[in-house]
Amino acid sequence: MPELPEVETVRLGLERWCLGKKIIGVEVLHPRATNPRSLGALDYVQGAKIENIGRRGKFLWFELDRPLALVAHLGMSGQFRVHSIKSADEKHLRTRFTISHNILARKRQELRFIDQRTFGWLAISEFSGEVPELVSGIARDIFDPNFERVEVIAKFRTKKTEIKRALLDQNLMSGVGNIYADESLWRAKIHPESLACGLSSRKINSLLNAATSVMSQALVEGGTSFDSLYTNVTGESGYSEQSLSAYGREGEPCPRCGRQIRRIRFANRSSHFCPNCQRK
């Protein structure tokens, strides 16, 4: 599933391409492309001008020149792609947005929402303060200028659960998924099954520093792409996979100590760690 660096890469691409333009056509090609909680059909945004592209954690939204927003979640395989309006449709094309273009542009283009596994969605949502209503229950991410680090550390220390499970809790801190949780825990030398409430404030702070560092690096590298299900808006894959130290490295030597990286089952997914550097 795309995590914060991948979603932010997509947001930056959307910002460069469609900011200030109008949505002049909407075509929904699959019923599951629209979230059931949407306030209405997606064609409500037809005629609206895109004034900003926002993000919190793994959620994106298009701020419009009207009181509602178009919210998007990429799910496991959702993609926004910019294409020539004459390009052949992708097999898993779910929604097509025709966007106003510069009259000097050689090719007219459109924005497409593609989703192979159909876990991603789009929705019309009211604003709730600074974010759309559909995003209001999601905690701030670590790159948010209003992220309250001391408060978040205190909340982590109240959790009587594994630190990795707490790190994945989008109500505590958003944006971190399985990949960057493993990488952050490896950098901070914390075992994924250590209890959050048993860690000191200093140790949790080092974990937040590690998460900031690893996701900042991934942003520079365009995110992590293990297959074609994650690309940016022009169809390019990120190359952060090459920089991973723990995730997906089972049996390989730890870059820090040389001990083999182990993989264990964790909450219906895998967790990768170094048994020497990350002792319980």
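The values are calculated or read from the model by the stated rules, or taken from the named source; none is laboratory data. If you're wondering where the values come from, they're calculated on a predicted model, not measured in any experiment. Cβ coordinates were reconstructed from backbone atoms using ideal geometry, including for glycine residues, and neighbour counts include every protein chain displayed.
Please go through region 105-160 and give me each residue that is hydroxyl-bearing (Ser, Thr, Tyr) and touching a residue at least 24 places away in the same chain (Cβ under 8 Å), ordered by number. Thr118, Ser125, Thr158 - these are the residues of region 105-160 that are hydroxyl-bearing (Ser, Thr, Tyr) and touching a residue at least 24 places away in the same chain (Cβ under 8 Å). Given the structure, is Phe80 part of a strand (DSSP E or B), surrounded by fewer than 19 Cβ atoms within 10 Å (Cβ to Cβ) and under 21 Å from the mean Cα position of the chain (by Cα)? No, not satisfied.
Given the residues Gly40, Gly78, which is the only one that is of a type outside the set (Phe, Trp, Tyr) and modelled with pLDDT under 95? Within the list Gly40, Gly78, the selection yields Gly78. All conditions in (1) within 22 Å of the chain's Cα centre (by Cα); (2) among the charged types (D, E, K, R); (3) within 19 Å of Cys274 (Cα to Cα); (4) surrounded by fewer than 18 Cβ atoms within 10 Å (Cβ to Cβ) hold for Asp169, with the sole exception of (3). Scanning region 6-56 for residues that are part of a strand (DSSP E or B) and of a type in the set (Asp, Glu) yields Glu27, Glu51. Only one entry of Glu90, Glu126, Glu110, Glu151 meets the criterion of being crowded, with 19+ Cβ neighbours inside 10 Å and either assigned to a strand (DSSP E or B) or over 17 Å from the mean Cα position of the chain (by Cα) (or both), and that entry is Glu110. Within region 1-25, residues that are surrounded by 16 or more Cβ atoms within 10 Å (Cβ to Cβ) have Cβ atoms under 7 Å from residues that are in a helix (DSSP H, G or I) and polar (S, T, N, Q) in these pairs: Pro5/Ser240, counting only partners at least 6 apart in sequence or on another chain. Of all positions in region 182-197, at least one carries a residue that is surrounded by fewer than 17 Cβ atoms within 10 Å (Cβ to Cβ), modelled with pLDDT of 95 or more and either over 23 Å from Arg263 (Cα atoms) or within 22 Å of the chain's Cα centre (by Cα) (or both).
I want to confirm something. Restricting to region 145-177 and keeping residues that are out of contact with any Cys (no Cβ under 9 Å at 6 or more places or on another chain) and basic (Lys, Arg), which single residue is nearest to Pro192 (Cα to Cα)? Residue satisfying both the conditions and the ranking: Lys164.
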